[in-house]
Every structure is written in C-alpha cells, then in structure tokens.
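*Asks:* Sending over a structure as structure tokens; questions will come in a sec.
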Amino acid sequence: MNDLTAFQRDILYIVGGADEPHGLAIKSDLEAYYGTDVNHGRLYPNLDQLVNAGLINKGEYDKRTNRYTLTSDGEEVLKTRREWEDDHLDTVWVAHATD
C-alpha cells in the first residue's frame, strides 16, 4: 500500500465499494469525488498497474467493456489502510476531545 498513489488508492476504494464497476463508472465516481475531469490516459494505465500488482482483477462485460473486482490482496490493502487511518484518527479525536 505504501507504494500506491492516492489516485490508485481511490480507485481501489471505488472498485471495492461497487458491484463489479467498469472503467467509465470508475471514471465517473472519481470525477464526482475530485470535482474535475479525469483523463482516460490517467485512469486506464493506473487500472492496469493495479491489475499487474494483483490488487484488482480485470474481466469482460462484453467486447468493449471491462469490469474490475478487488482481489483478496486488494481487500487486504484496503483493510490495512483503514486500520492505519483509524489509529491516526483516534489520536486526533482524542486530542480534540480533551481541548
């Protein structure tokens, strides 16, 4: 997880939270989150890197559309990240509660 970009982590979150999303659905979710256009030339190479890293699977809906799902390694990466975030946020929330 440490070697993933924030953009790649965001892709993992979207893939993990959707029912077999396809590239354009992932792109749409990213654009809604970022509030700006996401270039195909940025999205698809990052999807391919995540596939090559074994974090997502790439399959076909039809001849033109790919679907993506998390692998067990991808799920583990998200779980580990969530635990790390929770540990750090707990520290912040406890500090603010005592202020």
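Where a number appears in this text, it was derived from the coordinates with a stated rule and is not lab data. Note that the coordinates shown come from a computational prediction; the quantities given were computed from them, not determined experimentally.
*Asks:* How large is ³J(HN,Hα) for each residue in the range 15-20, as worked out from phi by the Karplus curve 6.51 cos²θ - 1.76 cosθ + 1.60 (θ = phi - 60°), to whole Hz, x for Gly and Pro?
*Replies:* Each residue of the range 15-20 in turn: 4, x, x, 10, 8, 6 Hz.
*Asks:* Looking only at ARG64, ARG42, ARG82, which one moves most when the chain is put into a Gaussian network model with springs between Cα atoms under 10 Å?
*Replies:* So, out of ARG64, ARG42, ARG82, the one fluctuating most is ARG64.
*Asks:* Something else now. Which whole-number percent gives the relative contact order of the chain, counting Cα pairs below 8 Å spaced six or more residues apart?
*Replies:* Result for the chain is 29 percent.
*Asks:* Once amide H atoms are built 1.01 Å from N in the peptide plane, which residues 5 or more positions from LEU70, or in another chain, come under 5 Å H to H?
*Replies:* ASN57
*Asks:* While we're looking at this one, here's another question. What number in nm² do you get for the range 16-62 if you take the convex hull of its Cα atoms and divide its surface by four?
*Replies:* Working: hull surface 14.2 nm².
Mean projected area of the Cα convex hull: 3.5 nm².
*Asks:* Still on this structure, I have one more. If one computes P(r) from the Cα atoms of the chain, what percent of pairs lie at distances over 16 Å?
*Replies:* Tail fraction, whole percent: 58.
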